[in-house]
Amino acid sequence: MHRTAHRLLPLALVAGVACDKGLAPMPQPTSCPPDVVGICGTVTFAGAEPANTDGVFIIAYHTFPQTTADFYSFVPSPPLQSLPRPFTGSYFYTIRVPNGRYEWVVAVWKRVGLLVADNLAEAGFYRDKADPTNTQPGIVVVNGTGTDAIDFVIDFDNMHPVCTYIPPCPP
Amino acid sequence: MTRRLALPLSLLATLLAVPRLAAQRTAVVYGSVRDSGGQPLRATVTDIATGLRSFADNQGRYRLSVAPGQTVVRVAHIGYASAFDTLTLGAADSVERNYFLRPAAVELQPQVVVTAAKRSQLLDQAVTSVAVLEQPDIARRAVTTVDEAVDKAPGVQFLNGQVNIRGSTGYVQGLGSRVLLLVDGVPANQGDRGGINWDLVPLDRVERVEVVKGAGSSLYGSAALGGVVNLITREIPLGFHARVRATGSLFSNPPHDIWRFRDYTGAREGIDVTGSYGTDMFRGSYSTGGWHSDGYREQDRQDHWQTGGKAEWRPAPGTVVTGSGSWASDQYQVPLRWCVRGGCDDRGQAYQPFMIDQSGLGSHTRSDKGYLTATLDRVPSPRLELHARASWLRTHFTDFQPGNNDAGVANRVGAELRGNLAPAPGQDVTVGAEGARSDVTSDIFGNHSQTELAAYGESERGLGATRLTAGARIDYLAVDGGSLTAVLSPRVGGVLPSARGAWRVSIGRGFRAPSLAERFVSTTVSGLTVIPNPSLTPETAWSFELGNATRWSGVLGWDVALFWTEAYHLIEPDVDLAGHVIQFRNVAHARLAGVDLAVDATPLARLTTSLAYTFLYSRDLDLDAALAFRPKHLLTLTADYRWRAFGVGGDFRYASRFERVELYDDPRVDPRVDAKVLDLRASWESGPFAARVLLTNALDYIYNLVPRTLAPVRTLSVTLTWTY
């Protein structure tokens with residue numbers, strides 16, 4: 001019997017190793033998770049969500065886009081995941097992006113329909129805290145960890161179409 | 001052209017020749033099979049020369065018709081060492097032979113497989129790795145579907161119904177399987193998406209599963225890029241037999257109250273019935289059944305109905321005409337990705353793994369599928385076997401989604417002629433020709449067809465103790481009647497018996513033709529237009545394997561293989577944001593290499609154990625990143641203890657956390673973990689009755705393999721079987 005128990009020991013060890021329970025409840029985070037390389041922060045929603053909203057996405061650009069092609073050169077790579085509804089109150093977001101310097105961290109609102117410029121608008125972006133006019137984008141540097149406190153406002157009542165940045169706008 | 005058709009036509013002519021009934025008589029071997037304690041065994045008794053088999057009943061009695069002359073029969077039962085018996089019988093002889101088998105962890109005698117070389121051969125003479133699951137092993141596990149049965153095979157992992165052999169496929173949402181499914185040797189991948197319906201064949205009809213690892217296109221053509229899974233259905237025994245199997249299961253509720261999503265315990269219940277009757281000349285079987293499941297998560301109800309049958313006519317010794325078919329219908333809710341904050345009643349959680357996003361409420365699918373197959377197998381002489389088959393596979397799906405329904409009907413019609421010859425002692429030759437036509441009619445795939453024509457040949461011969469194999473297959477593919485694309489798939493290999501077991505080596509080329517869905521899909525996903533790409537070309541791979549199978553003693557053996565696959569032009573979705581489109585393209589160059597190890601041991605007389613471990617190095621060489629959805633480590637431990645009519649056992653499966661996933665790589669809502677799943681089982685058998693209890697995921701380990709898709713939770717199942 002002792003011999004039998006000895007031979008069954010590996011199975012018991014396996015069962016022991018497996019005694020953690022896997023996934024566990026995870027309250028909504030309030031700071032960058034330790035294993036994230038990217039950008040984290042809190043977005044605060046303002047204004048009324050338009051009726052034809054498909055989603056709101058947070059993306060980052062290494063350099064401020066100058067052309068239409070630049071506009072589609074962002075991270076993280078698609079397919080993107082919208083911020084969850086409801087678009088009210090505030091929400092702690094996380095995006096995984098590679099190490100580097102980012103000149104524009106922006107929230108993009110998308111209308112229901114195809115992913116074309118006419119269906120997109122800038123809904124808010126991280127601003128340079130040193131800028132007294134509070135209009136210039138803030139620079140974010142990611143260096144091997146999560147860069148936290150990149151907070152900004154998403155204002156549905158003050159959105160700007162893509163042509164605001166890459167003219168011309170249709171008449 | 002004339003010479004090209006000469007061989008298939010001559011094969012056909014020989015096959016259709018009227019058997020000389022009057023000139024041939026049969027002999028009969030009958031008796032019983034028992035274990036060393038005298039308990040009857042439902043063993044398999046096989047005529048090695050013809051492959052014809054008989055199954056012992058619950059009293060251990062069998063009856064096998066064989067051709068006059070010298071015959072070698074093999075008596076086999078899982079958990080016991082096989083017995084071989086050489087008999088010399090005259091026409092109309094009737095000989096009683098009683099056999100007693102002794103316990104063994106795994107076959108001490110060579111095992112016969114039929115898939116690796118498209119003919120019967122001893123397992124240790126196959127040039128590639130083959131994993132075999134026998135019916136008693138499947139029954140002992142008390143699983144209810146084919147994919148559950150295959151899932152624990154060494155080196156095999158399922159991701160949401162998509163099979164991976166040594167990391168071949170990854171996860172592409174059911175599209176374009178890089179593993180070929182065969183049902184009794186007949187290809188059964190879908191005609192439109194190239195995926196696999198694992199519920200096509202009721203598990204109760206499956207006698208044995210053979211899993212061939214590595215490229216198998218030199219004999220099987222498209223889709224056999226990463227391996228082949230062959231479901232071999234039960235032989236029909238003589239006399240009247242029946243079997244009733246009833247199963248009831250209970251799903252564990254979420255382990256944390258904050259994850260609760262319903263106020264009752266989910267259940268699954270099912271029943272299936274099989275009846276068969278066989279004489280020396282005619283045999284038939286019919287089975288029907290169904291099951292209902294509440295599912296283990298929100299919006300996960302499923303209803304399944306199935307029916308199938310098989311008929312055999314044996315007009316003469318060595319000639320068998322078989323017709324078989326199956327039909328299955330599923331209506332199931334679609335549990336879309338689990339919900340994240342705001343998508344449901346999130347209760348302050350970052351994600352709710354048992355709940356779905358409310359935007360997907362009401363999504364459901366109806367899926368009907370069926371196949372018909374006719375085969376003719378003839379052994380006109382000990383040196384020649386001839387096989388012909390025709391098959392029709394039909395699938396029909398309708399996806400009901402809020403505001404967007406999709407539907408499609410697909411057919412795959414195929415035929416094959418094959419000859420297995422032994423032109424000289426120690427030499428075996430397999431030659432054949434195969435054709436198939438797939439078509440689809442769908443709102444998202446359009447109306448299209450694909451034709452495949454192929455010819456193949458492989459020769460194996462002894463060179464001293466070594467057996468060398470060389471062969472190739474050429475496939476011609478045409479889409480919508482357009483120009484032909486040719487793909488050549490050669491393979492060479494060898495097996496060398498030695499004092500340290502049998503060494504095997506092989507290198508072969510595999511390919512997968514793009515599915516009609518990948519070529520012609522036209523839909524919208526996440527605001528991007530998915531556009532067709534009719535110019536897709538087949539993806540290809542070179543597979544190399546060096547393996548060794550050794551029995552170190554009567555109680556310990558192993559099979560180890562080093563494998564290396566270099567894959568080219570893999571078909572993947574390419575997202576073009578500037579153009580606002582997604583299109584399937586030939587893009588990736590990938591490498592999959594590693595070690596596959598299977599060890600079996602019998603440390604105690606009644607205790608059998610096994611270990612299967614796969615180390616996988618996978619790399620997308622274009623992205624210089626790990627291939628998505630491939631675990632680096634895959635470990636399966638199994639132990640079973642038997643005492644008289646009772647048995648207990650368990651499996652433990654560990655799969656390391658994927659280094660990379662696609663689609664939703666967000667740790668905030670999808671914190672991936674290793675998979676650690678322990679299954680426990682107990683059984684009792686007495687005469688015609690058997691009861692099995694299965695506790696899957698006994699530790700109630702909560703995990704996911706596919707992003708935001710909860711894997712099965714702890715489930716208690718009881719299966720009662722009555723066999724006549």
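Data for the structure
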| read-out | value |
| --- | --- |
| B:Arg383, B:Arg140, ranked by accessible area, largest first (probe 1.4 Å) | B:Arg383, B:Arg140 |
| Positive-end residue of A:Pro79, A:Val153, A:Thr164, charge dipole of the stretch A:40-171 with Cβ unit charges | A:Pro79 |
| Accessible carbon and sulfur surface of the stretch B:378-471 relative to its total accessible area, %, 1.4 Å | 59 percent |
| Using a Förster distance of 25 Å, the FRET efficiency for B:Gln427-B:Met281 (Cβ separation, nearest 0.05) | 0.15 |
| With all protein chains modelled, accessible area of B:Val379 [1.4 Å, Å²] | 40 Å² |
| Nearest 10 degrees, 0 to 90: helix B:2-16 Cα axis against chain B principal axis | 60 degrees |
| Rel. contact order, % - alpha carbon contacts under 8 angstrom, at least six apart, the stretch B:354-397 | 41 percent |
| Rounded if a/c under 1.5, otherwise prolate or oblate - the stretch B:172-303, Cα gyration tensor axes | oblate |
| Chain B: relative contact order in percent, alpha carbon pairs under 8 Å with at least 6 residues between | 11 percent |
| Distance violations [Cα-Cα > 19 Å] among B:Lys213/B:Lys310; B:Lys152/B:Lys632; B:Lys152/B:Lys369 | B:Lys213/B:Lys310; B:Lys152/B:Lys369 |
| Residue-level accessible surface for B:Trp313, protein heavy atoms, 1.4 Å, Å² | 110 Å² |
| Net charge of Cβ neighbours under 11 Å - reference B:Phe251; Lys, Arg +1; Asp, Glu -1 | +1 |
| Solvent exposure ordering (accessible area, 1.4 Å, most first) of A:Ile139, B:Ile165 | A:Ile139, B:Ile165 |
| Neighbourhood net charge (11 Å Cβ-Cβ; Lys/Arg +1, Asp/Glu -1) for B:Ala690 | +4 |
| Residues of type aspartates and glutamates that A:Lys110 reaches as a straight line, Cα spacing below 13 Å, ignoring anything fewer than 8 places off in the same chain | A:Glu49, A:Asp54, A:Asp118, A:Glu122 |
| Three-way shape label, the stretch B:468-551, alpha-carbon gyration tensor, a/c 1.5 | oblate |
| Estimated Rh, chain B: Kirkwood, alpha-carbon pairs, angstrom | 26.6 Å |
| Average beta carbon contacts from partner chains per residue of B:340-350, 10 Å cutoff | 4 |
| Protein accessible area in the stretch B:500-550, 1.4 Å probe - carbon and sulfur % | 67 percent |
| Alpha carbon convex hull of the stretch B:413-479, projected area averaged over orientations, nm² | 5.8 nm² |
| Other protein chain Cβ atoms within 10 Å, averaged over every residue that makes up A:91-103 | 1 |
| Convex hull volume per residue in cubic angstrom - Cα atoms of the stretch B:78-229 | 147 Å³ |
| Solvent exposure, largest accessible area first (probe 1.4 Å, DNA, RNA and ligands not counted), of B:Leu180, B:Leu376 | B:Leu376, B:Leu180 |
| Summed buried accessible surface, chains A and B, 1.4 Å probe, nearest 100 Å² | 3800 Å² |
| Lysines with Cα under 17 Å of A:Lys21, excluding same-chain neighbours fewer than 8 positions away | B:Lys676 |
| Unit charges at the beta carbon, dipole of chain B: most positive-side option, B:Thr274, B:Trp558, B:Gly308 | B:Trp558 |
| Per residue, in Å², the accessible surface of chain B once ligands and nucleic acids are set aside, probe 1.4 Å | 39 Å² |
| Neighbour net charge for B:Gly547 - beta-carbon separation under 15 angstrom, K R +1, D E -1 | +3 |
| Sites B:Thr398 and B:Ala311, calculated FRET efficiency, Cβ-Cβ separation with R0 45 Å, nearest 0.05 | 0.90 |
| With DNA, RNA and ligands ignored, accessible area of A:Asp148 (1.4 Å probe; Å², nearest 10) | 60 Å² |
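The values are calculated or read from the model by the stated rules, or taken from the named source; none is laboratory data. Remember, predicted model here, so these are calculated numbers, not experimental data. Because the Cβ atoms are built from the backbone with ideal geometry, glycine has one as well, and the counts that use them run over all protein chains shown. When the accessible area is computed, the model is the full protein with side chains, heavy atoms only, and any ligands, DNA or RNA have been set aside. Shrake-Rupley method; radii C 1.70, N 1.55, O 1.52, S 1.80 Å.
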